[in-house]
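**Student:** After the C-alpha cells below, expect a handful of questions from me.
Nothing in this text is a laboratory measurement; each read-out follows from the coordinates by a stated rule. Small disclaimer: the values here were computed from a predicted structure and weren't measured. Quick reminder, even Gly has a Cβ in these numbers, built from the backbone with ideal geometry, and neighbours come from all protein chains shown.
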Amino acid sequence: MMMTRRAMLSAGGATLAALAVGARPGLAETFEVTLSEAEWRKLLTPAQYGVLREEDTERAFSSPLNDEHRAGTFFCAGCDLPLYSSAAKYDSGTGWPSFYEPLANAVGTKADWGILGKRTEVHCRRCGGHLGHVFNDGPKPTGKRYCMNGLAMVFREA
C-alpha cells in the first residue's frame with residue numbers, strides 16, 4: 001500500500017498531537033480497580049482527582065504527609081492499596097513525602113516524557129492512580145527516591 005505525502009503528514013501530525021497531550025499509543029494498561037470519571041470525582045476531592053487521575057503535582061511542602069513521622073502505612077487515596085511503610089520514609093528535602101522503596105507489589109512505573117525530559121512515573125498498580133516519580137538519587141539500601149504527592153495517599157498509624 002502506497003502512502004501519499006498528505007496521508008503521511010496527517011499521520012505524523014496526529015502522532016505528535018497525541019504525544020503532546022500525553023497519549024501513549026499501544027501502551028494501554030488495565031487495572032483491577034476501574035471507575036468512570038464521575039465515580040472518581042465523587043470518591044476523591046478535586047485536588048486528589050487532579051493528582052491521581054490527571055497527573056497533577058501538588059505544591060512542594062504543602063502536604064501534611066511530608067512531616068508525618070509516626071510508625072504506620074501510607075495507602076493509595078484512590079483504592080486503599082498499601083503502598084509504603086513509614087520505615088522506608090525519609091526527608092529528601094524536596095518538599096514531598098519520599099521513600100526509598102515501596103511495599104511489594106504496590107506500584108507500577110512507566111516512562112514519562114515531559115518538559116524536563118524523560119522521567120519515571122510511579123502509579124498505584126491496582127487503580128493506576130498517579131503517585132509521583134522515582135529518581136536514582138535516594139539513600140541506601142536502594143539508592144531510589146520515590147517522590148510522592150501527599151494528596152495521592154492517606155496515612156494510617158500502626
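**Student:** What is the calculated FRET efficiency for F135 to F31, with r their C-beta to C-beta distance and R₀ = 25 Å, to the nearest 0.05?
**Tutor:** 0.55
**Student:** Tell me, in nm to one decimal, what length is gained between I115 and L103 on full extension, where the rule is 0.36 nm per residue of separation less the Cα-Cα distance?
**Tutor:** Stretched fully, the I115-L103 segment lengthens by 1.3 nm.
**Student:** Pick out, in residue order, every one of the chymotrypsin sites (Phe, Trp or Tyr not before Pro) in the range 77-117 that is DSSP loop and has at most 13 other C-beta atoms within 10 Å; say none if there are none.
**Tutor:** For chymotrypsin sites (Phe, Trp or Tyr not before Pro) across the range 77-117 that sit outside H, G, I, E and B with at most 13 neighbouring Cβ atoms in 10 Å, the list is empty.
**Student:** Quick one: what does P(r) look like for the range 33-157 with 5 Å bins over all Cα pairs, in whole %?
**Tutor:** 2, 12, 22, 26, 22, 11, 4, 1, 0
**Student:** Fully extended, how many nm does the chain gain between V154 and D56 (0.36 nm per residue separation, minus their Cα-Cα distance)?
**Tutor:** Taking 0.36 nm per residue and subtracting the Cα distance, the gain is 33.6 nm.
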